[in-house]
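Heads up: the structure comes next, in C-alpha cells.
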Amino acid sequence: MTRKLLAIALVLGLSGCASTYKHSELQSTTERLDPSRGVLIAVPDDGWYGETQYPRSGQMTANAALAAFSKNARKVSLAAGCQGSGCLDDVDSNEYGYFVEPIILHWEERATEWSGLPDRIEIQLIIYSTVTNRQIANASFKGKSSWFTFGGDHPQDLLAEPTNEFVQGLY
C-alpha cells in the first residue's frame, strides 16, 4: 500500500513540475539577424499585478534578453536611461544593427507552494533594424509556473527558456 501511494505521489509531483509557455508571433520575422551586428536592449518599465509593482522586474527582463542575445551576437548592451522605440533615433547604427524593446505585459508573483496559484508573466519583444528604423520581429510569450513547487520560485525564473528560444529562432 505504501509503495502505491509513493508511486502516485511521484507521478503527480512529476507531472506538475514543469513550467509552461505559450509563444505568439505578432509579426513574423522579416529577416534573419546578422550575428556580426550589435544589439542594443532597452530596459522596460517594471511589471505589476493589481496594485503591486515588482521592483527590478524590468531590469531582470532586460538581463534575460541580454543573456539570450549574447549567445548569438558579437556585441550586446543595455541602453542606459532609454525606453521604448523613441530610442531608435539615438542609436548608432554602425555600432548596433538592432534595437530590442522588451515590454512587460503581465507580472504576477504568487505564493504557489501554499495557494496552488502559479506565478505568471507575459513579455513582448519587438526587434527593430537601426538602419531602417522598422520592426523586423514582434512576438510575445506567456509563462506559468508549475503548481508543484518547493518554494522560492519567482516570475523571473520564467524568463530564460522562452526568451532563449525566441532569440535563437531569429538567427
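Points worth noting:
- Some residue of the stretch 59-71 being in contact with a Pro (Cβ under 9 Å, 6 or more places away or on another chain), within 18 Å of GLU165 (Cβ to Cβ) and of a type in the set (Ser, Thr, Tyr): yes
- Condition check for PRO44 on (1) under 24 Å from TYR171 (Cβ atoms); (2) in contact with a Gly (Cβ under 6 Å, 6 or more places away or on another chain); (3) not in a loop (DSSP other than H, G, I, E, B): one failure, at (3).
- Residue match in the stretch 80-100 (condition: under 20 Å from SER140 (Cβ atoms) and in contact with a helix residue (DSSP H, G or I) (Cβ under 7 Å, 6 or more places away or on another chain)): yes
- Once the stretch 91-108 is narrowed to residues that are of a type in the set (Asp, Glu) and surrounded by fewer than 20 Cβ atoms within 10 Å (Cβ to Cβ), the residue that is modelled with the highest pLDDT is GLU95.
- LEU159 passes every criterion in (1) hydrophobic (A, V, I, L, M, F, W, C); (2) modelled with pLDDT under 95; (3) open to solvent by 10 Å² or more (accessible area, probe 1.4 Å) apart from (3).
The values are calculated or read from the model by the stated rules, or taken from the named source; none is laboratory data. Predicted model only: the values in this text are computed from it and were never measured. Cβ: placed from backbone, ideal geometry, glycine included. Neighbour counts: every protein chain shown. For the accessible areas, the whole protein counts, side chains as well, though only heavy atoms, and no ligand, DNA or RNA atoms are used. Shrake-Rupley method; radii C 1.70, N 1.55, O 1.52, S 1.80 Å.
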